[in-house]
Each structure stands twice: as structure tokens, then as C-alpha cells.
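Each value in this text was obtained by applying a stated rule to the coordinates, not by laboratory testing. As the structure is a prediction and not an experimental result, all values here were calculated from the model. So basically every Cβ, Gly included, is an ideal-geometry build from the backbone, and we count neighbours across all protein chains shown.
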């Protein structure tokens, strides 16, 4: 397995299919940085600011990956994920959802994410190498 701390930013595009990504984060700076980084490597990014907006957008559009902040106003990432997972059952699909949090890598947060149906967990600030590993994993699972 690739060590996320030693993966270069060029790995975000190398050998990776172009993905359609929903980015849900209430931080304007985080949305701008991640959107730009992902777009620079050919991925299509749809940014939203709340879990409610994520739920609304996923009702009418399909994504290859959802990057979901855990703490957002109106509807947080856990609530949005639970609602999306409920719809996934009826739609017969399962979009990978990766949690993003600034609160570090703690067991309680990981457990909450797992219970909600999230497929992974990444801490903020997001390391490019860790993001590259997630993108490659999503691409590989689609092949």
C-alpha cells in the first residue's frame, strides 16, 4: 500500500480515472483548495456548503465519490450520509462517502462514520498523499 505521507501531488491524476466528486464542506477556503487541486488533475467537482445541499444535489445527480465534512451547519455530514444511504438502498447503488474532519484521527469519530455508512475517513488539513490513496481506491473499485 502506498504511504500517504510520501505520495506526490502528481499521483492525484496518475493512473486514476477521472471522477465526478461532490465536495461538501462549510469552509470556503477548504472548498476552494480541494476543488482546485482535484480539478487540476482532471476530476469534476461540485462544491456544496451543507449536508442539506449535499442531500439535495445527490437526489438529482450521480457522483463517483462524496467528500463529506462532518461538522456543517443545517445538516452535518453524519445526518447527510444516513439520508443518502437510505436512498442508496432504494436506488440500488452505493456511492463512496469519505468523511473529512479537523478534529484529528480519533476512534469515536471513526466509529460514528462507520455506523453512518461512510467508507473512509480523512483528517484536515487534507494531505495530498492521503487523498491520492482514496481516489485510487475509488477508481479501482469501479473497474
Taking R0 as 25 Å, what FRET efficiency do you get between residue 20 and residue 111 from their Cβ-Cβ distance, rounded to the nearest 0.05? 0.30
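Please report the relative contact order for the chain, taking Cα pairs under 8 Å with a sequence separation of at least 6, and give it as a percent rounded to a whole number. Let's see the in-between values first.
Values: 233 pairs, mean separation 41.2, N = 143.
So the answer I get is 29 percent.
Under the rule of -39500 (n - 2.57) per DSSP H run of 4 or more residues, summed and divided by the residues of the chain, what mean residue ellipticity at 222 nm is obtained, to the nearest 500 deg cm²/dmol? Present the calculation step by step, with values, prior to reporting the outcome.
Details: 5 runs with 63 residues, N = 143.
So the helix-based figure for the chain works out to -14000 deg cm²/dmol.
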Ranked highest first by the average count of other Cβ atoms within 10 Å around their residues, in what order do 55-62, 95-102 fall? 95-102, 55-62
Whole-Å distance, taken between Cα centres, linking the stretch 84-143 and the stretch 30-57: 15 Å
